[in-house]
Amino acid sequence: QVQIVESGGGSVQPGRSLRLSCVASGTIYSIYSMGWYREGPGAQRELVASIDVYGKVTYGDSVKGRFTITEDGAQDKVTLQMTSLQPGDTAVYFCRAEVWVDQGHYTYEYWGQGTQVTVSS
């Protein structure tokens, strides 16, 4: 039906940068929003950044000023540019897409499998 694929995770030292990409494909009529969430060790899943069809961007408090989310023109891909990475950013990062699968009123939520980001010395 709908596939969400993340890429770009890896291991970096504190202060370095990393770029994550997410691509949505499949039976999608239109995309309302796409975003990134993360789960640190023993932590709840939290919002990192999201962008909607209107271009509205929302960031989690812990990443404001350090991370930037952008969406391509086709609205099927988002990029998360992460700078000044800290050990606290270590987590599995999940891409989420909220989409219309047809011309109806309702949107549906899909998640990628996650990509690991590790920040350590």
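A few points about this structure:
- Looking at Ser11, Ser50, Ser21, just one residue is touching a Phe, Trp or Tyr at 6+ places or on another chain (Cβ under 9 Å), among the small types (Gly, Ala, Ser), closer than 22 Å to Gln113 by Cβ and in a strand (DSSP E or B), and that residue is Ser50.
- Check on Glu46, within 30 Å of His105 (Cα to Cα), open to solvent by 20 Å² or more (accessible area, probe 1.4 Å) and in contact (Cβ under 8 Å) with a residue 12 or more places away in the chain: yes
- Set side by side, the residues Ala74, Ala97 differ, and just one is of a type in the set (A, V, I, L, M), at pLDDT below 95 and closer than 23 Å to Lys56 by Cβ, which is Ala74.
- Qualifying residue in segment 51-59 (condition: open to solvent by 60 Å² or more (accessible area, probe 1.4 Å), polar (S, T, N, Q), in contact with a strand residue (DSSP E or B) (Cβ under 9 Å, 6 or more places away or on another chain) and farther than 11 Å from Phe94 by Cα): no
- Test: residue in segment 83-96 that is hydrophobic (A, V, I, L, M, F, W, C) and more than 11 Å from the chain's Cα centre (by Cα): yes
- Against the conditions (1) more than 12 Å from the chain's Cα centre (by Cα); (2) assigned to a loop (DSSP other than H, G, I, E, B), Gln113 satisfies every one except (1).
- Each residue in segment 73-114 was checked for being open to solvent by less than 30 Å² (accessible area, probe 1.4 Å) and touching a Cys at 6+ places or on another chain (Cβ under 7 Å), and 3 pass.
- Thr70 passes every criterion in (1) more than 12 Å from the chain's Cα centre (by Cα); (2) farther than 15 Å from Glu46 by Cα; (3) surrounded by fewer than 17 Cβ atoms within 10 Å (Cβ to Cβ); (4) without any contact (Cβ under 8 Å) to a residue 60 or more places away in the chain apart from (1).
- Evaluation of Glu6 against (1) charged (D, E, K, R); (2) touching a Phe, Trp or Tyr at 6+ places or on another chain (Cβ under 9 Å); (3) assigned to a loop (DSSP other than H, G, I, E, B) (one fails), failing number: (3)
The values are calculated or read from the model by the stated rules, or taken from the named source; none is laboratory data. A quick note: this is a predicted structure, and the numbers were derived from the prediction, not measured. A quick note on method: Cβ atoms are made from the backbone with ideal geometry, for glycine too, and the neighbour counts reach across all protein chains shown. When the accessible area is computed, the model is the full protein with side chains, heavy atoms only, and any ligands, DNA or RNA have been set aside. Shrake-Rupley method; radii C 1.70, N 1.55, O 1.52, S 1.80 Å.
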